[in-house]
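Trainee: Encoded as structure tokens, here's the structure I'll be asking about.
The values are calculated or read from the model by the stated rules, or taken from the named source; none is laboratory data. In this text, all values refer to a predicted model and were calculated from it rather than measured experimentally. Positions of Cβ are generated from backbone atoms using ideal geometry, with glycine treated the same way; all protein chains shown enter the neighbour counts. Calculation scope for accessible area: heavy atoms of the full protein, side chains included, ligands and nucleic acids excluded. Shrake-Rupley method; radii C 1.70, N 1.55, O 1.52, S 1.80 Å.
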Amino acid sequence: MTGQPHEYVRRELVEPDWRRFPGWAHVTEAQWRDAQWQRAHCVKNAKQLGLVAGGLLTDRFYDDLAADQETFATMSMLLPPHVLNTMAVDARLTPEAFTEAFLADPVRRYMLPVASDRDPLRPSHPHSQRDSLHEAEMWVVEGLTHRYPTKVLAEMVSTCPQYCGHCTRMDLVGNSTPLIDKHKLSLRPVDRQDQMIDYLKKTPGVRDVVVSGGDVANVPWPQLESFVLRLLEIETVRDVRLATKALAALPQHWLQPRVVEGLERVARTASQRGVNLAIHTHVNHVQSVTPLVAEAARAALGAGVRDVRNQGVLMRGVNATAADLLDLCFALQGEANILPYYFYMCDMIPNAEHWRVAVWEAQELQHAIMGYLPGYATPRIVCDVPYVGKRWVHQPAEYDRELGISYWTKNYRTGIDSEDPGVLDRRYPYYDPISTLGESGQKWWEDT
Ligand code: SF4
């Protein structure tokens, strides 16, 4: 008997001790659990990071961070204390050793990118784009993307309580960076919401609404509740999903009594009308699954939400090994009652090459994680193919491994190609990172 490729061992969730950071040495448990305290103490720049980390981080880190922010960053820095506290969790080290551990940390690698993380030769793929999924092209009213036949995405707000370095909506979400001047939503929120509701009333073929952003945790609760209740009045809407990374990045938000009570009211109405109300969150590494996150997920379930599901992003250096994915899924499913639902391949936005994996790597990972979790909790790894939508990684119609180009087909029309007769026969390309190709493939791209 040689054992399993992956051995499951149940592990208790642990909240890392925030007092290890000199700047939080005197922060009380009551302060830590307070959503307003968390929001007021978010780390937004290197100076604030220095105040929290004290002498723990050396100049080597700050220089690397400054270089990234000047040259590569597509998202500005916004770290709730809860998120920063999930990085370098074991470090009680010298500044040099702490800096080393911090640089190697999987959560840091996507929430606080530095220049040395990026691909030194080709930080961006030649086909990368700001709005790589063309969501704004598919807006039927401002902020409402109608990409699939029966589903829409409603972008309520263009901000989040936390910013992720790899954000696929980097075109719109967050503050501008030296590299990216962000687009802005122009309508007043109330007018945008009215137009969304009007569209859904006159489009009965849409049965599923993802209420997103940004992050719905940044929509004032009365406004969010009113919008969801209006959705629930539309008889043809049968699924409503609230998208919020904050459930894991700022669980204190979802534990506030006024939010839990509001969620209870909305869930009661959804249940009376037979609508599936769920929360979708975004967790990428097991370190992020803490007791507070589990408590927030259970509070939502206790309020009557049908399910809390995770849509993670597959990223090299963060979670792109079978062990990382399985450890995360076991913690989500077994300890936090969060269903491991999807892992998306990181999208083809600028400066993301170091995070992206090739389709064949994603296929190998999907194979490696099968059979360990209950079938319904085994996540699908999907590729969001531009102009197509989510496809399971084993679905390409053709795959040129030498050049790293996979070709995909679709079985429905998006909002912008409803009049195009050739759509269902067309093949849509997706590109592997050039660094994953062999010599001849890399040469082909150099010469192209
Ligand atoms: S929470 Fe979602 S929308 Fe907000 S920055 Fe992260 S990936 Fe982007």
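Trainee: Scan N337, N319 and give me the residue that is closer than 22 Å to E12 by Cα and in contact (Cβ under 8 Å) with a residue 60 or more places away in the chain.
Mentor: N319
Trainee: Got a sec? Which of Y412, Y428 is hydroxyl-bearing (S, T, Y), touching a residue at least 12 places away in the same chain (Cβ under 8 Å) and surrounded by fewer than 16 Cβ atoms within 10 Å (Cβ to Cβ)?
Mentor: Result of the check over Y412, Y428: Y412.
Trainee: Further, regarding this structure: Across the range 230-247, which residue is farthest from V286 (Cα to Cα) among those that are open to solvent by less than 10 Å² (accessible area, probe 1.4 Å) and within 16 Å of the ligand (Cβ to nearest atom)?
Mentor: L242
Trainee: When you scan the range 29-44, do you find a residue that is open to solvent by 40 Å² or more (accessible area, probe 1.4 Å), free of Cβ contacts under 8 Å to residues at least 40 places away in the same chain and farther than 14 Å from H82 by Cα, even just one?
Mentor: There is no residue in the range 29-44 that is open to solvent by 40 Å² or more (accessible area, probe 1.4 Å), free of Cβ contacts under 8 Å to residues at least 40 places away in the same chain and farther than 14 Å from H82 by Cα.
Trainee: Being without any contact (Cβ under 8 Å) to a residue 40 or more places away in the chain, out of contact with any Cys (no Cβ under 8 Å at 6 or more places or on another chain) and surrounded by fewer than 20 Cβ atoms within 10 Å (Cβ to Cβ) is the requirement here; does A136 meet it?
Mentor: no
Trainee: A further question on this structure: Yes or no: the range 165-179 includes at least one residue that is among the charged types (D, E, K, R) and under 30 Å from A66 (Cα atoms).
Mentor: yes
Trainee: Restricting to the range 209-229, count the residues that are under 16 Å from E155 (Cβ atoms) and crowded, with 16+ Cβ neighbours inside 10 Å.
Mentor: Number satisfying all stated conditions: 14.
Trainee: When the range 206-229 is examined, which residues are found to be more than 16 Å from the ligand (Cβ to nearest atom) and either among the hydrophobic types (A, V, I, L, M, F, W, C) or touching a Gly at 6+ places or on another chain (Cβ under 6 Å) (or both)?
Mentor: Residues satisfying the conditions are V206, V209, W221, E225, F227, V228, L229.
Trainee: Taking the range 1-23 on its own, how many of its residues are surrounded by 10 or more Cβ atoms within 10 Å (Cβ to Cβ) and either farther than 19 Å from T94 by Cα or within 27 Å of the chain's Cα centre (by Cα) (or both)?
Mentor: Number of matching residues: 11.
Trainee: Right, next: Is it the case, given these coordinates, that V141 is of a type outside the set (S, T, N, Q), farther than 23 Å from Y431 by Cβ, more than 13 Å from the ligand (Cβ to nearest atom) and over 14 Å from the mean Cα position of the chain (by Cα)?
Mentor: yes
Trainee: Here's something else I'd like to know. Could you list, in sequence order, the residues of the range 253-281 that are touching a residue at least 40 places away in the same chain (Cβ under 8 Å), in contact with a helix residue (DSSP H, G or I) (Cβ under 7 Å, 6 or more places away or on another chain) and within 16 Å of the ligand (Cβ to nearest atom)?
Mentor: Across the range 253-281, the qualifying residues are H253, W254, T281.
Trainee: Tell me, which residue of the range 166-202 that is of a type in the set (V, I, T) and within 12 Å of the ligand (Cβ to nearest atom) is most open to solvent (accessible area, probe 1.4 Å)?
Mentor: Among them, the one singled out is T168.
Trainee: Another question, then. From D63, D90, grab the single residue that is open to solvent by 60 Å² or more (accessible area, probe 1.4 Å) and not in a helix (DSSP H, G or I).
Mentor: After ruling out the rest, the residue left standing is D90.
Trainee: Further, regarding this structure: Among the numbered criteria (1) within 13 Å of the ligand (Cβ to nearest atom); (2) of a type outside the set (A, V, I, L, M); (3) open to solvent by less than 20 Å² (accessible area, probe 1.4 Å); (4) in contact with a strand residue (DSSP E or B) (Cβ under 9 Å, 6 or more places away or on another chain), which single criterion is violated by H285?
Mentor: (1)
Trainee: Among the listed residues R356, R258, R316, which satisfies the condition of being of a type in the set (D, E, K, R), open to solvent by less than 10 Å² (accessible area, probe 1.4 Å) and outside the structural domain of L112 (by TED's automatic domain parsing)?
Mentor: None of the other options fit; the residue is R356.
Trainee: Among the residues of the range 162-217, write down those that are in a helix (DSSP H, G or I) and of a type in the set (D, E, K, R).
Mentor: D191, R192, D194, D198, K201
Trainee: Checking Q311 against (1) at pLDDT 95 or above; (2) surrounded by 17 or more Cβ atoms within 10 Å (Cβ to Cβ); (3) outside any strand (DSSP E or B), only one condition comes out false. Which one?
Mentor: Q311 satisfies all of (1) at pLDDT 95 or above; (2) surrounded by 17 or more Cβ atoms within 10 Å (Cβ to Cβ); (3) outside any strand (DSSP E or B) except (3).
Trainee: Okay, moving on. Taking G371 as the residue in question, decide whether it is more than 29 Å from A248 (Cα to Cα) and modelled with pLDDT of 95 or more.
Mentor: So G371 does not fit the description; no.
Trainee: Cβ-Cβ distance below 9 Å, separation of 6 or more or different chains: which pairs start in the range 2-16 with a residue that is over 17 Å from T290 (Cα atoms) and end on one that is part of a loop (DSSP other than H, G, I, E, B) and open to solvent by less than 100 Å² (accessible area, probe 1.4 Å)?
Mentor: Q4/Y372; H6/Y372; Y8/Y372
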